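Following: one structure in structure tokens, then a few remarks.
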Amino acid sequence: MVSLYRGEFLQHFYMADSTEFENWIVVQRETSRQQAMEVLSYLSNEHALHGDYQAARHYAGRQLELGVEPSAKTRDLYEQIRSGMLKANPTLPSDPPSNPIHNLPVSLTPFIGREEELADLAQLIADRECRCVTLVGPGGIGKTRLALRTADQQWYTFVDGAAFIPLASVSSNDAVISTVANAIHFAFYGPTDPKIQLINYLREKQMLLVVDNVEHLLGTGSQQETIIELLIEILEQAPQIKLLVTSREALNLQGERLFEVRGLALPDFEQVDKVDDFGAVALFIQRARQVCPGLALSAEDKTGIVRLCRLVEGMPLAIELAASWMRILSPAEIATEIEQSLDFLNAEIRDLPERHRSMGAVFDRSWQRLPVNEQLVLGRLSVFRGGFQRHAAEQVAGASLPILSSLVIRSLLRRTATGRYDLHELIRQYAASKIAKLPEEMRSAQERHSLYYLGLLEEQGVRLQSHQQKDAVAELIVDMDNIRAAWDWSIATRGFIRLYDVSARLMHLYEVRNWFKEAENMFRKTADALRISIQGAESNAVHQVALHAMLAHWGFFRFRLGKAEEAYSILSSSAAFLRTRSGTLATIYSHFYLGIDCWILGKFSEARQSFQASRALAREYGEHWHEAMDSEFLGRVAIEQGEYKEARQSLSEALALLRRLGDPSMTAHTLSYLGRAMQSLGEYREAEKLLRESLQLSRENGYRFATGLALDGLGKIAHLEGRYGEAQVFFSDGAALF
């Protein structure tokens with residue numbers, strides 16, 4: 001109730017010359033205001049009783065916002081909290097974060113109905129004993145929209161906000177964890193298991209996680225283990241996290257509260273004169289007026305709408321699709337069309353004729369009314385995962401702007417607030433089943449999709465090594481599901497050469513995002529597929545190079561996951577093979593990877609040789625980024641061996657190149673190591689200057705590991721100079737990152 005109260009009842013609404021109305025409205029306004037104040041006062045006192053003074057202050061402040069004088073008890077409580085006389089419960093966050101998460105997508109259409117459901121969900125969210133609420137129901141029933149509306153109304157009660165985690169287009173184990181991390185703005189670091197990092201990050205957070213569309217991850221096999229175990233661990237180890245899940249199936253977890261989502265409220269035929277009061281009818285009219293502005297409804301039309309809404313049992317998706325036909329059919333005609341095939345309805349509906357019912361009928365009717373060219377485009381659009389831009393739709397599916405507009409108008413395609421397009425997952429699956437009947441069309445669309453997104457990876461990958469890195473990462477991440485699908489299609493169709501051509505770009509993206517586990521799996525399965533492809537066949541030199549390049553990437557991420565000895569075996573073999581192909585980029589980065597692994601293993605002589613070989617080739621072929629990286633790591637090796645002047649020279653060369661290229665992440669790393677070298681040479685002022693620049697650059701761009709390096713270096717300098725309090729702050733801040 002309190003979240004719905006925004007001021008006086010029917011504020012600014014008056015009726016001239018109506019004393020009876022004025023008397024009535026005064027009573028209603030005062031009653032509703034008094035009820036709101038009583039609830040706010042109760043909530044303020046209850047939260048204070050449990051030591052949650054942040055929430056208590058919020059509800060006390062709400063009374064002041066509404067322009068009503070709070071009770072003496074509440075005023076006294078508010079002043080005690082503000083003055084600091086009351087200390088917060090140590091189990092609760094004392095101060096709100098500066099940037100609570102709120103990534104809930106903005107809807108372009110109004111939310112209609114569901115008042116009772118919203119009230120019930122608000123109570124569940126407020127219940128301290130309720131940690132996991134699962135909205136269950138058939139596809140198209142409105143689970144996602146209801147979850148988002150609930151989160152939008154309740155997010156401010158969570159100190160760290162609310163995050164929306166869409167999983168409809170996620171199909172791999174690693175991608176689930178990566179998607180969750182991306183939604184809550186968490187960047188992985190180091191070789192530690194990503195799931196452990198994620199759980200540790202959430203442990204102290206007070207946040208609402210909206211986990212959307214998990215049913216396809218509940219099947220048998222490792223995917224089930226990943227999603228279920230992840231949710232269980234979050235619930236067990238992050239006590240202030242609440243989960244709001246949408247699924248067609250229950251999760252079957254202890255403590256799970258199932259919330260069955262049904263159709264919108266429906267009128268009886270006897271209530272035709274009050275149809276606007278029911279959510280199902282209100283939704284139909286609102287959507288119908290989008291396609292038919294100025295629509296006027298007769299009594300016959302309203303009867304047809306009631307009949308139609310009852311046929312679909314208030315299912316929102318079916319109602320929206322039905323409303324899109326209002327340009328050419330009356331409500332009664334639409335209802336008649338639906339009655340001819342009830343496949344869209346659930347078999348459990350017993351008050352309708354005994355027929356086979358499914359959601360397919362809704363899509364069939366929409367499909368049949370599409371021109372052939374729009375059918376083809378919709379089928380081709382089904383190859384996308386996680387949405388797409390207009391340019392991608394044009395290149396992959398041949399979708400012109402008029403066709404995209406037509407599909408949006410027919411409610412078969414959605415345009416998001418960010419300007420991207422996407423398909424409801426059920427519609428995507430339906431369209432995919434249609435184009436699957438045209439295998440050449442389907443293969444052609446998948447091929448164009450793969451070429452487009454691997455091309456995007458190459459195009460944006462160049463920017464990853466420049467000052468545009470942050471923007472490039474953002475553009476690639478939003479299409480990561482498409483990139484994964486494009487990569488998998490090329491594996492399935494043996495397009496290994498194109499994968500080899502962009503593999504260094506994907507590796508760099510994974511490295512910048514610290515998605516080590518997903519990277520290791522991606523390159524391993526690619527290498528396995530390549531090895532099988534060339535077995536028993538005449539050896540192809542290019543495919544052999546591609547195989548060893550994938551093995552090198554795989555070996556590098558084995559190293560990143562803490563398997564340095566195992567990685568050494570993989571990398572030394574790949575580098576030895578590629579050494580005979582000195583004209584390839586793979587030769588450069590395979591030696592670079594091997595050098596890093598040797599550096600970690602303490603094989604400094606071999607590390608130097610590998611970096612020097614890689615740098616010589618990089619200079620020869622104009623690969624300046626790799627030249628900079630080799631120089632930087634030669635500086636790191638020199639530091640390990642106490643050769644600080646040599647380290648300064650190598651690191652200075654690397655820094656000059658990286659400043660010219662504009663790569664912020666590696667510039668930050670190099671600044672830190674150069675600062676360490678200068679510290680060891682006794683040049684503390686110059687060292688501190690370099691480390692502070694590294695810290696600023698790392699924080700601006702969200703580079704967790706580089707931030708930790710800089711803080712550690714600054715702490716050591718402060719300690720050496722006797723600034724022990726300052727040193728402790730640096731070390732504590734650095735330790736908190738890991």
Review point. Quick check: is even one residue across segment 550-557 at pLDDT below 95, in a helix (DSSP H, G or I) and either in contact with a Phe, Trp or Tyr (Cβ under 9 Å, 6 or more places away or on another chain) or of a type in the set (S, T, N, Q) (or both)?
Key: no
Study note, to complete from the structure: By residue number, the members of segment 481-495 that are assigned to a loop (DSSP other than H, G, I, E, B) and within 15 Å of E518 (Cβ to Cβ) are none
Point to revise | Given (1) surrounded by fewer than 16 Cβ atoms within 10 Å (Cβ to Cβ); (2) in contact (Cβ under 8 Å) with a residue 12 or more places away in the chain; (3) within 24 Å of the chain's Cα centre (by Cα), index of the condition A238 fails | key: (1)
Check your understanding: Taking segment 388-409, which residues are surrounded by fewer than 21 Cβ atoms within 10 Å (Cβ to Cβ) and assigned to a loop (DSSP other than H, G, I, E, B)?
Key -> Q389, G398, S400
**Study point:** Test: R498 is among the basic types (K, R), at pLDDT below 95 and over 30 Å from A656 (Cβ atoms)
**Key:** yes
Review point. Does any residue of segment 140-158 turn out to be among the hydrophobic types (A, V, I, L, M, F, W, C), buried (at least 19 other Cβ atoms within 10 Å of the Cβ) and not in a helix (DSSP H, G or I)?
Key: yes
**Study point:** Subset of segment 124-139 [part of a loop (DSSP other than H, G, I, E, B) and more than 18 Å from L283 (Cβ to Cβ)]
**Key:** D127, R128, E129, C130, R131
Study note, to complete from the structure: Across segment 100-119, the tally of residues that are under 18 Å from F158 (Cα atoms) and over 26 Å from the mean Cα position of the chain (by Cα) stands at 1
Study note, to complete from the structure: Here the residues within segment 426-437 that are touching a residue at least 60 places away in the same chain (Cβ under 8 Å) and surrounded by fewer than 18 Cβ atoms within 10 Å (Cβ to Cβ) are L426
Exercise for review: Please work out which one of (1) crowded, with 19+ Cβ neighbours inside 10 Å; (2) modelled with pLDDT under 90 is the condition L714 fails and give its number.
Suggested key: (2)
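Residue-wise test of (1) touching a Gly at 6+ places or on another chain (Cβ under 8 Å); (2) assigned by TED's automatic domain parsing to the domain that holds L146; (3) of a type in the set (V, I, T); (4) surrounded by fewer than 15 Cβ atoms within 10 Å (Cβ to Cβ).
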site	(1), (2), (3), (4)
Q254	no, yes, no, yes
D276	no, no, no, yes
A282	yes, no, no, no
I285	no, no, yes, no
V291	no, no, yes, no
Revision key, fill the gap. Of (1) surrounded by 23 or more Cβ atoms within 10 Å (Cβ to Cβ); (2) closer than 25 Å to T179 by Cβ; (3) not assigned by TED's automatic domain parsing to the domain that holds L407, S450 fails just (3)
Review point. Quick check: anything in segment 317-325 modelled with pLDDT of 80 or more, part of a loop (DSSP other than H, G, I, E, B), farther than 18 Å from V261 by Cβ and not aromatic (F, W, Y)?
Key: no
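Condition check ((1) acidic (D, E); (2) in contact with an Asp or Glu (Cβ under 9 Å, 6 or more places away or on another chain)) across all residues:
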residue	(1), (2)
V408	no, no
L413	no, yes
D422	yes, no
E447	yes, no
Revision key, fill the gap. Here the qualifying pairs (Cβ atoms under 6 Å; residues six or more apart or on different chains; first in segment 455-484 and under 18 Å from V383 (Cα atoms); second assigned to a helix (DSSP H, G or I) and of a type outside the set (A, V, I, L, M, F, W, C)) come out as L457/R505; L476/Q460; N482/Y453; I483/Y453
Practice item. Kindly indicate whether any position in segment 118-136 is in contact with a helix residue (DSSP H, G or I) (Cβ under 7 Å, 6 or more places away or on another chain), surrounded by fewer than 21 Cβ atoms within 10 Å (Cβ to Cβ) and modelled with pLDDT under 90. Key: no
Exercise for review: Answer yes or no as to whether S698 is hydroxyl-bearing (S, T, Y), buried (at least 17 other Cβ atoms within 10 Å of the Cβ) and either touching a Lys or Arg at 6+ places or on another chain (Cβ under 9 Å) or modelled with pLDDT under 95 (or both).
Suggested key: yes
Review point. Among the residues of segment 219-227, is there at least one that is modelled with pLDDT of 85 or more and either closer than 26 Å to A126 by Cβ or out of contact with any Cys (no Cβ under 7 Å at 6 or more places or on another chain) (or both)?
Key: no
Check your understanding: Residues I177, I184, I232: which one is without any contact (Cβ under 8 Å) to a residue 40 or more places away in the chain and either closer than 26 Å to K563 by Cβ or not hydroxyl-bearing (S, T, Y) (or both)?
Key -> I232
Study note, to complete from the structure: Checking A238, A250 in turn, the sole residue that is in contact with a Leu (Cβ under 7 Å, 6 or more places away or on another chain), modelled with pLDDT of 90 or more and in the same structural domain as P194 (by TED's automatic domain parsing) turns out to be A238
Exercise for review: Considering every residue within segment 510-522, establish whether at least one is in contact with a Ser or Thr (Cβ under 8 Å, 6 or more places away or on another chain), hydrophobic (A, V, I, L, M, F, W, C) and part of a helix (DSSP H, G or I).
Suggested key: yes
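The values are calculated or read from the model by the stated rules, or taken from the named source; none is laboratory data. Here the structure is a predicted model, which is why all the values come from computation and not from measurement. Glycine gets a Cβ as well: all are built from the backbone with ideal geometry, and neighbour counts include every protein chain shown.
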